[in-house]
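Beneath this line is the structure, given in structure tokens, with notes to follow.
The values are calculated or read from the model by the stated rules, or taken from the named source; none is laboratory data. From a predicted model like this one, the values you see are computed outputs, not experimental measurements. Counting neighbours? That spans all protein chains shown, and the Cβs are built from the backbone with ideal geometry, glycine included. Surface areas here come from the heavy atoms of the whole protein model, side chains and all, with no ligands, DNA or RNA. Shrake-Rupley method; radii C 1.70, N 1.55, O 1.52, S 1.80 Å.
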Amino acid sequence: MPNNKLERIHSDSASTCKLCQMEMDSIHERLDMKMEEIDILDTPRRSFSVHFPVRMDSGKTKMFIGHRVQYNDARGPTKGGIRYHPELTVEYLQNLAFLMAIKCALVEIPFGGAKGGIVVNTKELSRGELERVTRAYIREMSDYIGPFKDIPAPDVYTDEQVMVWIMDEFERIKGEHVPSIVTGKPLALGGSKVRKYSTALGGVYILEAALNELGITGSDIKIAVQGFGNVGKNAARILHEKGYKVCAVSDSTSGILNEKGLDIPAVIEHKSRTGHLMDFPDAKEITNKELITSDCTVLIPAALSDQIDLENANNVKAQIILELANAPTSSEASQILLGRSVLVIPDILANAGGVVVSYFEWIQNLNQDYWEEEKILEKLRKKMMTAFETVYPIYCEEKCSMRRAALQLSIERILEAERLRGNL
Ligand SMILES: NC(=O)C1=CN([C@@H]2O[C@H](COP(=O)(O)OP(=O)(O)OC[C@H]3O[C@@H](n4cnc5c(N)ncnc54)[C@H](O)[C@@H]3O)[C@@H](O)[C@H]2O)C=CC1
Ligand SMILES: O=C(O)CCC(=O)C(=O)O
């Protein structure tokens, strides 16, 4: 193992978020972190993969691979989404699980970080196959998850129905009702009001605070949203309802643009009727790449990682990037954007509204006491604004990226928990 701090950080054995490597390097120096502190943050506590057979509709059996990474649990049980994607790897999930630990610390909820999923293209599965794959994965995982161990939630290509299958399979195995095993459930089965749109709404609270700080006002604010799933669609809807001009949106196949602003309810209706954004009347078709560099005030990546990179960072026209996706901006692109004074509101702050309301759902399940929408909205706003108001002054005073300011704050909190436990 290399003995120099930076060498160690850049070596293959270091797993701490390669997604924000440059910020991490500067935090190690800024906090004058000891090697043992770097090591504890660099190391996922548990990372595992399971292989399991599933009977397909054809009658043939197919093997699937599922993963789960429980990155750090110093502050509480690990928490994080389940993603179904054909290119999922343990290494990548380690990065996302690290971000979950950081995110939970940032908004001060008593969880560590996890992330998991199955290597699968859901578009190639029937509904029955999707259910059998999910249930088989949970059978393999049931000893390692639990309301006080590790609590899954939705992520890319998983939804409320998948969460119900996770809960139901876990309850069958345990022989009792355990709604707090998973969050993001439908209301009828212990879900929380607001959770469906909480990631988007939390991001909108933060965006409005940032617009206010930067003195950007008026009806000319143009917004582009990449991704039209749970997060992107709700962000576009909420912003449209608030009177902002949402000029461009996209999904995995294509995008649409109207510089005067899209009629978002009509776009939502079109997408749910046709299954795509293409052929929406009164809009020009654009690619996902064109959306990133389109003429807008606020760019909202709400799909996958690494959409803003070395190639396009110099051509981004937005003044603010609100990262509702996890890790949509590469580390190198973040530096370019910082140099160009584009405000990047990092994922760990911008999209934390999802896990905040997941935390509220978990509390409601444990207490069997369900809250009204107003109470949840108020508590969500408070959590998001407290985080923004703590991060923003550090960002201004230290003239660093907002990501570095947020990471620094969370790392101090995680290390304090490790210290109190006697691990440091
Ligand atoms: N669901 C949640 O509560 C949270 C989600 N996130 C993050 O938000 C992002 C989106 O998640 P969800 O909306 O839940 O997923 P989703 O599965 O509901 O939607 C994903 C969307 O991305 C689009 N997409 C897929 N590949 C794409 C590509 N190559 N280019 C452009 N668009 C593409 C899909 O067409 C779909 O519209 C992910 O990065 C996720 O990790 C973060 C925090 C919480
Ligand atoms: O709601 C949760 O528990 C986790 C959501 C998630 O996976 C994320 O914030 O990236």
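Before moving on, here are some points about what is shown:
Residues checked against (1) assigned by TED's automatic domain parsing to the domain that holds residue 132; (2) open to solvent by 40 Å² or more (accessible area, probe 1.4 Å); (3) away from ligand 2 (no atom under 16 Å from the Cβ):
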position: 202; (1), (2), (3): no, no, no
position: 205; (1), (2), (3): no, no, no
position: 208; (1), (2), (3): no, yes, yes
position: 217; (1), (2), (3): no, yes, yes
position: 223; (1), (2), (3): no, no, yes
position: 230; (1), (2), (3): no, yes, no
position: 242; (1), (2), (3): no, yes, yes
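- In segment 302-339, the residue that is nearest to the chain's Cα centre (by Cα) out of those that are more than 15 Å from ligand 2 (Cβ to nearest atom) and among the charged types (D, E, K, R) is 306.
- Pairing each residue of segment 76-95 that is in contact (Cβ under 8 Å) with a residue 40 or more places away in the chain with any residue that is assigned to a strand (DSSP E or B) and surrounded by fewer than 18 Cβ atoms within 10 Å (Cβ to Cβ), provided the two are 6+ apart or on different chains, yields C-beta distances under 9 Å for 77/146; 78/46; 90/48; 90/49.
- Only one of the numbered conditions (1) touching a Leu at 6+ places or on another chain (Cβ under 7 Å); (2) touching a residue at least 40 places away in the same chain (Cβ under 8 Å); (3) within 27 Å of residue 29 (Cα to Cα) is violated by residue 394, and that is (2).
- Residue among 66, 117, 113, 80 that is away from ligand 2 (no atom under 12 Å from the Cβ), at pLDDT 95 or above, open to solvent by less than 10 Å² (accessible area, probe 1.4 Å) and in a strand (DSSP E or B): 66
- Matching residues, segment 148-172, being open to solvent by 20 Å² or more (accessible area, probe 1.4 Å) and away from ligand 1 (no atom under 16 Å from the Cβ): 148, 149, 168, 171, 172
Condition check ((1) within 14 Å of ligand 2 (Cβ to nearest atom); (2) not in a helix (DSSP H, G or I)) across all residues:
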position	(1), (2)
140	no, no
144	no, yes
153	yes, yes
156	yes, yes
162	yes, no
166	yes, no
